Amino acid sequence: MFGFLKKALKPGDASAPVPDAAAESPAAPLQAPVSTAAAPSPVREQEKKRSWMDRLRSGLSRTREQIGGGLSSLFSRRKIDEELLEELEATLLMADCGVDATQHLLKELRLRWKRDKLETADQLQGALAEGLLSILAPLEKPLEISAHKPYIIMIAGVNGSGKTTSIGKLAKHFQSQGKSVLLAAGDTFRAAAREQLMTWGERNGVAVIAQESGDPAAVVFDAISAARARNIDIVLADTAGRLPTQLHLMEEIAKVRRVIQKAEPSGPHEVLLVLDANIGQNALQQVKAFDASIGVTGLVLTKLDGTAKGGVVAAIARQCPKPLRFIGIGEQIDDLQVFRAREFVDALFVPVGKSDE
Ligand SMILES: Nc1nc2c(ncn2[C@@H]2O[C@H](COP(=O)(O)OP(=O)(O)OP(=O)(O)O)[C@@H](O)[C@H]2O)c(=O)[nH]1
């Protein structure tokens with residue numbers, strides 16, 4: 001049914017090619033060996049991709065029910081007319097697509113309804129999926145790790161948005177690309193956050209630089225020096241959760257950024273803001289506030305599973321289009337993946353177990 005999506009974008013590739021495992025640096029005593037498994041076969045890669053698509057479909061089920069389900073129930077009653085389009089508008093707003101993206105989509109749909117003489121539910125869904133895809137496509141800018149060594153990624157976000165969990169998942173993601181990783185426990189406010197990061201580090205065989213207490217900026221500074229000494233590719237720096245309204249704390253996170261720059265003038269090379277999809281439209285304010293304070297270069301949208309507010313991706317795309325680097329759909333280590341617009345739209349409209357492939 002969504003064959004048109006394939007034409008609109010080149011086929012999504014959920015799993016980036018995994019190069020041969022990188023050689024372990026002898027200067028990194030705390031670094032556990034990166035897997036030395038042979039390059040994965042195309043069949044295994046295909047299976048991995050299919051399993052991610054199934055999990056993505058299952059994770060987005062509540063948003064799908066909100067958008068797709070709303071649409072089918074509208075269509076079980078009658079044909080396309082102005083009243084139906086108004087109800088669709090309300091459905092999109094309830095899925096947190098935001099006023100701007102919703103109006104944009106409705107304008108497109110009205111145009112296509114008249115011009116292409118749309119009549120059936122399938123046709124309208126197809127047009128809606130195509131419209132969403134064109135809105136979301138510009139967000140698809142996967143993070144490319146440059147030659148800078150160490151490549152420093154600072155992670156920020158409000159309390160509980162999923163920063164620490166995402167760092168654990170990202171460590172695994174980068175390791176699977178043959179990169180060596182070091183974690184900086186920059187959340188010195190919450191002892192549990194440090195413990196959590198240590199656990200993720202142990203699980204992935206990755207060194208964690210932490211201090212019992214103290215200045216988060218100092219921890220991050222130490223981590224960068226350690227990464228240099230150990231020839232590590234990527235530093236993932238955790239920071240304490242804060243609300244954009246806590247101005248003194250926002251100033252502190254800005255200080256962490258300045259200290260990173262002092263330790264490495266070209267850094268941080270990426271400033272990732274982690275957003276919990278459950279907050280819906282509030283995500284827009286968070287992007288703006290953190291951007292003003294620390295210059296956000298990419299987003300991670302977590303907890304898309306279990307929320308009906310996945311439409312917020314469309315609001316972000318229209319109102320503060322920062323690259324959406326990764327999306328999270330669960331608590332397991334493989335539940336964070338590179339954002340691919342086509343996969344996302346596909347998963348929004350095609351239920352688990354079905355595929356148009
Ligand atoms: N369902 C689901 N849960 C998630 C996801 N990402 C993170 N979580 C859970 O969200 C909770 C908070 O995650 P943390 O990683 O501790 O959040 P944090 O931003 O580091 O929290 P603070 O340190 O308090 O700022 C944990 O229970 C995670 O397991 C996701 O994609 N889906």
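The values are calculated or read from the model by the stated rules, or taken from the named source; none is laboratory data. Quick caveat, the model's predicted, so the values are computed rather than measured. Heads up, the Cβs are rebuilt from the backbone with ideal geometry, glycines too, and the neighbour counts pull from every protein chain shown. These accessible areas exclude ligands, DNA and RNA; they are computed on the full protein's heavy atoms, side chains included. Shrake-Rupley method; radii C 1.70, N 1.55, O 1.52, S 1.80 Å.
Quick rundown of the values:
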item: Gained length - GLU87 relative to ASP100, 0.36 nm times residue gap less alpha-carbon distance; result: 3.0 nm
item: Of LYS255/LYS322; LYS172/LYS288; LYS179/LYS303, those spanning more than 24 Å from alpha-carbon to alpha-carbon; result: LYS172/LYS288; LYS179/LYS303
item: Å² of accessible area per residue within the range 52-139, as computed with a 1.4 Å probe and no ligands counted; result: 45
item: Sequence-distant aspartates and glutamates (8 or more away, or on other chains) whose Cα lies within less than 18 Å of LYS169; result: GLU144, ASP187, GLU195, GLU202, ASP233, ASP238, GLU270, ASP276, ASP305, GLU331, ASP334, ASP335
item: Computed label-point distance, nm, for sites GLU144 and SER225 using a 7 Å Cα→Cβ extension; result: 3.4
item: Centroid-to-centroid separation of the range 81-123 and the range 167-190 [C-alpha atoms, Å]; result: 42
item: Sequence-separation-based contact order of the range 52-139, relative, with Cα cut under 8 Å and 6+ spacing, percent; result: 28
item: Two-site label geometry, ASP215 and GLN285: point separation in nm, points 7 Å out along Cα→Cβ; result: 3.2
item: Projected label distance in nm at ARG203 and ALA292, using a 7 Å step from Cα toward the beta-carbon; result: 3.6
item: Set of aspartates and glutamates near LYS107 by C-alpha distance (under 16 Å), chain-local residues within fewer than 8 positions excluded; result: ASP81, GLU82, GLU83, GLU86, GLU87, GLU89, ASP116, GLU130
item: Residue-wise HN-Hα coupling along the range 161-170, computed from phi with Karplus coefficients 6.51, -1.76, 1.60 (Hz; x: Gly, Pro); result: 6, x, 4, 5, 4, 5, 4, x, 5, 5
item: Residue-normalised accessible area of the range 151-340, given per residue in Å² at a 1.4 Å probe; result: 34
item: Protein accessible area in the range 151-340, 1.4 Å probe - carbon and sulfur %; result: 49
item: Rounded to 5, percent antiparallel among DSSP beta bridges of the range 151-340; result: 10
item: Residue-by-residue Karplus 3J(HN,Hα) for the range 152-159, coefficients 6.51, -1.76, 1.60, Hz, glycine and proline x; result: 9, 10, 9, 10, 10, x, 6, 3
item: Accessible surface of the range 52-139 [probe 1.4 Å, protein heavy atoms]: carbon and sulfur percent; result: 51
item: Entries in LYS163/LYS262; LYS141/LYS309; LYS79/LYS114 that, when Cα-Cα distance is taken, lie over 18 Å; result: LYS163/LYS262; LYS141/LYS309
item: Per-peptide average of other Cβ atoms within 10 Å, ordering 53-64, 328-339 highest first; result: 53-64, 328-339
item: Extension reserve of the ASP116-GLU251 stretch, reckoned as 0.36 nm per residue once the Cα distance is removed; result: 43.3 nm
item: Relative contact order of the range 151-340, defined on C-alpha pairs under 8 angstrom at six or more residues apart (%); result: 25
